[in-house]
Structures are given as structure tokens and as C-alpha cells.
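The next block holds one structure in the form of C-alpha cells; read it before the comments.
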Amino acid sequence: MNKSKQKGNRFERECVEKAKRQGLSAERAYASNGKALGESETVDVIILANGSKIRCQCKVRNRIAGYIKIPEGCEVTLIKEDRGEIFVVQRYEDWLSEVSGGLL
């Protein structure tokens, strides 16, 4: 297995373990293929929270563009491409806390 694939697998396992430590049920798709979980092949991890199934794709990169990172003093970064949808970037631990507390 190549180093990039190993790094991705470690990251997926880390995401699952952090969710479980927060008291959530989480599962990683075998071979990073959501079809193993009955989902789209793009699904890497499923988190169950408050009766909802949250399908996640996990991406790990050497660097993340600076404009995506959350600046000091903010809780989230909102990003959008021209004429596109708006996305929220949030620290995973903060998001897990909200999900496990029933806020989402």
C-alpha cells in the first residue's frame, strides 16, 4: 500500500476514534469505499448522531489553503465559489461536541 493511502487510512481511523470518544457511533468504510456500508463509494466514514446518519468523506493534505483555515477569534470559516453553494469549515472537535449535544 502506498504512503498516501496509508496516511488517508490513518486519518479515517482518527476521525472514527474521535467521534467514538465523544460518545457517538462511527464506522469506517472497508477500503475507503462507501459501498461496503451500502452508501455511495465516496463515503469514507459514517457517524450516527441523534437519529441521523452523517456521511463523511475524509481528506488529508500536506497543506490546507490559508483562506480555509479558521482565524483566531472565529469559530468557523464560510467559503463559497462564485455562484456556488456556501460551505462551513469548523474544527472537528467543536462539530463533534455540537453533534453529540444534539445541536445539529
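The values are calculated or read from the model by the stated rules, or taken from the named source; none is laboratory data. Keep in mind the model is a prediction, meaning the values are calculated, not measured. As a convention, Cβ positions derive from the backbone with ideal geometry for all residues, glycine included, and neighbour counts pool all protein chains shown. We work out accessible area using only protein heavy atoms, side chains counted, and drop any ligands, DNA or RNA first. Shrake-Rupley method; radii C 1.70, N 1.55, O 1.52, S 1.80 Å.
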Some residue of segment 43-62 being modelled with pLDDT of 95 or more, closer than 22 Å to residue 89 by Cβ, open to solvent by less than 90 Å² (accessible area, probe 1.4 Å) and of a type in the set (S, T, N, Q): no
Matching option when the condition is polar (S, T, N, Q), more than 15 Å from the chain's Cα centre (by Cα) and modelled with pLDDT of 95 or more, among 40, 4, 25: 40
Hits in segment 22-33 - residues which are of a type in the set (A, V, I, L, M, F, W, C), surrounded by fewer than 18 Cβ atoms within 10 Å (Cβ to Cβ) and closer than 22 Å to residue 61 by Cα: 31
Qualifying position, being hydrophobic (A, V, I, L, M, F, W, C) and either open to solvent by 100 Å² or more (accessible area, probe 1.4 Å) or out of contact with any strand residue (DSSP E or B) (no Cβ under 7 Å at 6 or more places or on another chain) (or both), among 36, 19: 36
Residue match in segment 90-98 (condition: assigned to a loop (DSSP other than H, G, I, E, B) and either without any contact (Cβ under 8 Å) to a residue 40 or more places away in the chain or not β-branched (Val, Ile, Thr) (or both)): yes
